[in-house]
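Chemist: Okay, handing you the structure first.
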Amino acid sequence: MFKDSQISRRAFLAGTAGASALVVMHPFALQAASNQAHLRIMETTDIHVAIFPYDYYADKPNDTMGLARTAKLIEGVRAEATNSLLVDNGDLIQGNPMGDYVAYERGFKGGDVHPMMAAMNTLG
């Protein structure tokens with residue numbers, strides 16, 4: 001009875017880009033108020049306890065991963081902005097053998113800080 005109308009990915013992206021351009025080009029969007037603050041929000045996700053550039057499954061260094069590598073990117077982006085905020089989107093403290101070790105072998109005593117929390121606190 002009803003025909004399914006499917007939109008192509010290209011058409012969707014073109015429409016989204018066009019709508020975004022209209023919002024950005026609106027006259028009020030171009031005039032920043034003097035009491036307006038600019039905030040750069042940075043977000044990490046799916047770190048999976050990869051603090052160091054090391055593949056815990058392969059048991060060897062891997063310079064394509066790790067929060068230590070991401071720290072350089074964060075530092076560069078922070079240098080571009082006066083005000084910035086770093087948040088994580090999840091899967092931070094579990095998901096690889098290091099996370100399992102911290103949770104099940106080493107454990108926590110009063111006052112202990114999870115290594116990922118210490119790393120994120122260092123990044124600010």
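Laboratory data are not the source of any read-out in this text; all were calculated from the coordinates shown. Bear in mind the structure is a predicted one, so any value in this text is a computation, not a measurement. Glycine also receives a Cβ, built like all others from the backbone with ideal geometry; neighbour counts cover every protein chain displayed.
Chemist: Please pull out the direction-averaged projected area of the range 53-118, using the convex hull of its alpha-carbon atoms, in nm² to one decimal place. Before the final figure, lay out each step's value.
Modeler: Details: hull surface 23.6 nm².
Quarter of the Cα hull surface area: 5.9 nm².
Chemist: Determine, at each q value in 0.12, 0.17 (inverse angstroms), the log₁₀ of I(q)/I(0) that the Debye formula gives when each Cα of the chain is one equal point scatterer.
Modeler: The Cα Debye sum returns log10 ratios of -0.72, -0.96.
Chemist: Mean separation of Cα pairs under 8 Å and 6+ residues apart, divided by the residue count of the range 37-123: what relative contact order is that in percent?
Modeler: Numbers: 109 pairs, mean separation 33.0, N = 87.
Normalised by residue count, the contact order of the range 37-123 is 38 percent.
Chemist: Of the peptides 71-82, 113-124, how do they stack up when ordered by the mean number of other Cβ atoms within 10 Å, highest first? Write out the running numbers ahead of the final one.
Modeler: Numbers: 71-82: 11.5, 113-124: 14.4.
Descending packing order for the listed peptides: 113-124, 71-82.
Chemist: Non-local amide H neighbours of Asp55 (under 5 Å, H modeled in plane, Pro and chain starts lacking H): which ones?
Modeler: Long-range HN contacts for Asp55: Lys60, Asn62.
Chemist: Roughly how tilted is helix 9-24, in degrees to the nearest 10 and between 0 and 90, from the longest Cα axis of the chain?
Modeler: It is inclined by approximately 80 degrees.
Chemist: Here is a further query. Taking H placed 1.01 Å from N in the peptide plane, check which residues at least 5 places from Asp88 or on another chain put their amide H under 5 Å from its amide H.
Modeler: Thr44
Chemist: Okay, next question. Which residues' amide hydrogens lie under 5 Å from the amide hydrogen of Arg40, considering only partners 5 or more residues apart or on another chain, with H built in the peptide plane?
Modeler: It is Asn83, Ser84, Leu85, by chain and number.
Chemist: Another one. Longest span of the chain, sites excluded, free of chymotrypsin sites (Phe, Trp or Tyr not before Pro) in DSSP loop with at most 10 other C-beta atoms within 10 Å? If you can, show how the numbers build up before the last one.
Modeler: Details: sites that count: Phe2, Tyr57, Phe108.
Between the exposed loop sites, the longest stretch runs 3-56.
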